[in-house]
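Take a look at the structure set out below.
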Amino acid sequence: MQFVSRHEWGAQPPATRNGRFTSLRPGRVKGVVVHHSAVENGPRGTAAVVAFEGHHLRKGWDGIAYNFLIDETGTVYEGRGWEARGGATKGWNSKSISVCYTGHGDAKPRAKVLESFQIVTNAATQRFGDHLWLSTHRRKGSTTCPGGWLGDWVEAGMMVDAAQSDADWAGIAAYFHDLREQITVSPLGRWPRRRRGDAVRLVQARLTARGFKPGRADGVFGRKTAAAVKEFQRSQGFLKATGVVDVHTFSALFIQ
Ligand SMILES: [Zn+2]
């Protein structure tokens with residue numbers, strides 16, 4: 001993965017009185033929000049990043065609004081970076097890291113782009129903690145950003161092993177939607193009967209991916225899985241530690 005720092009792409013100094021961006025308080029960061037350019041056949045590579053900066057400065061903003069940007073080849077650019085508050089997601093800038101794809105997210109980006117999204121997200125998790133959720137601008141405001149394909153992929157959990165495949169992300173998003181409905185009616189747990197099946201397997205895999213220890217993803221809701229669910233619920237703060245995957249826990253686990 002190629003990384004281009006602000007200095008390397010020739011960023012303007014922050015347009016603030018003291019020449020610094022407002023700092024981001026790490027303890028407040030809850031998630032990563034994905035954006036796209038919404039421009040088809042727009043500028044590419046560094047030119048796209050510079051164009052964004054110009055656009056944002058002309059709006060009277062302090063500088064380029066995103067914390068990071070990823071171009072059509074998967075190169076990652078430092079926007080405001082990890083330590084400054086972004087300006088791209090109204091209402092969420094002090095609580096999230098915003099990452100923008102400089103292409104249009106309606107079409108599936110190259111595998112390298114998806115890998116870079118995963119790398120940046122993993123880096124964010126390492127930096128701010130396992131509690132981070134993954135979301136899209138369209139879930140945080142009235143916009144279609146980051147486009148259909150990219151939005152569905154992110155909301156389906158930006159799954160690591162599927163990045164290279166031609167997975168049908170719209171189908172997967174629909175599947176998640178159905179699963180959520182099912183769980184609303186019938187939460188997953190050990191009681192009144194031990195739940196088994198794909199939904200349990202998915203929960204186990206997701207818990208593992210987020211650093212919890214539910215044991216092997218065997219699709220059986222056992223003691224270890226319940227303990228890992230409890231630990232996840234405690235880590236969230238706002239969930240009751242029941243060890244049962246109800247719809248709130250499911251949403252916190254996969255989407256936000
Ligand atoms: Zn956006």
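Observations on the structure shown:
- Some residue of segment 182-194 being under 23 Å from the mean Cα position of the chain (by Cα) and open to solvent by 70 Å² or more (accessible area, probe 1.4 Å): no
- All conditions in (1) among the hydroxyl-bearing types (Ser, Thr, Tyr); (2) open to solvent by less than 40 Å² (accessible area, probe 1.4 Å); (3) within 22 Å of SER135 (Cβ to Cβ) hold for SER5, with the sole exception of (3).
- Considering residues of segment 78-112 that are within 16 Å of the ligand (Cβ to nearest atom) and not in a loop (DSSP other than H, G, I, E, B) only, the residue surrounded by the fewest Cβ atoms within 10 Å (Cβ to Cβ): SER98
- Residue check, CYS145 open to solvent by 10 Å² or more (accessible area, probe 1.4 Å), within 13 Å of the ligand (Cβ to nearest atom) and at pLDDT 95 or above: yes
- Identity of the residue in segment 198-218, small (Gly, Ala, Ser) and closer than 22 Å to GLU155 by Cα, that ends up least open to solvent (accessible area, probe 1.4 Å): ALA199
- Near pairs, Cβ below 6 angstrom, 6+ apart or cross-chain, from segment 79-92 (within 13 Å of LEU69 (Cβ to Cβ) and among the basic types (Lys, Arg)) to any residue that is within 11 Å of the ligand (Cβ to nearest atom) and in a loop (DSSP other than H, G, I, E, B): ARG80/GLY86
- Whichever residue in segment 41-77 is aliphatic (A, V, I, L, M) and open to solvent by 50 Å² or more (accessible area, probe 1.4 Å) and, among such residues, is farthest from THR22 (Cα to Cα): ALA47
- In a residue-by-residue description of segment 126-142, the property of being away from the ligand (no atom under 13 Å from the Cβ), farther than 25 Å from THR249 by Cα and surrounded by fewer than 18 Cβ atoms within 10 Å (Cβ to Cβ) applies to no position.
- Filter pass, GLY10 being surrounded by 18 or more Cβ atoms within 10 Å (Cβ to Cβ), touching a residue at least 40 places away in the same chain (Cβ under 8 Å) and out of contact with any His (no Cβ under 6 Å at 6 or more places or on another chain): no
- For segment 113-125, the set of residues classified as over 22 Å from LYS213 (Cβ atoms) and buried (at least 18 other Cβ atoms within 10 Å of the Cβ) consists of VAL113, LEU114, SER116, PHE117, VAL120, listed by residue number.
- Selection within segment 151-184: residues that are farther than 23 Å from VAL245 by Cα and in a helix (DSSP H, G or I). The member of this set that is modelled with the highest pLDDT is GLY151.
- Tally, over segment 20-72, of residues that are part of a helix (DSSP H, G or I) and away from the ligand (no atom under 14 Å from the Cβ): 14
- Of the residues contained in segment 190-204, one or more are found to be closer than 18 Å to HIS131 by Cβ and of a type outside the set (Phe, Trp, Tyr).
The values are calculated or read from the model by the stated rules, or taken from the named source; none is laboratory data. All values derive from a computational prediction rather than experimental measurement. For neighbour counting, all protein chains shown are included, and Cβ atoms are generated from backbone atoms with ideal geometry for every residue, glycine included. Just the protein is used for accessible areas: all its heavy atoms, side chains included, with ligands, DNA and RNA removed. Shrake-Rupley method; radii C 1.70, N 1.55, O 1.52, S 1.80 Å.
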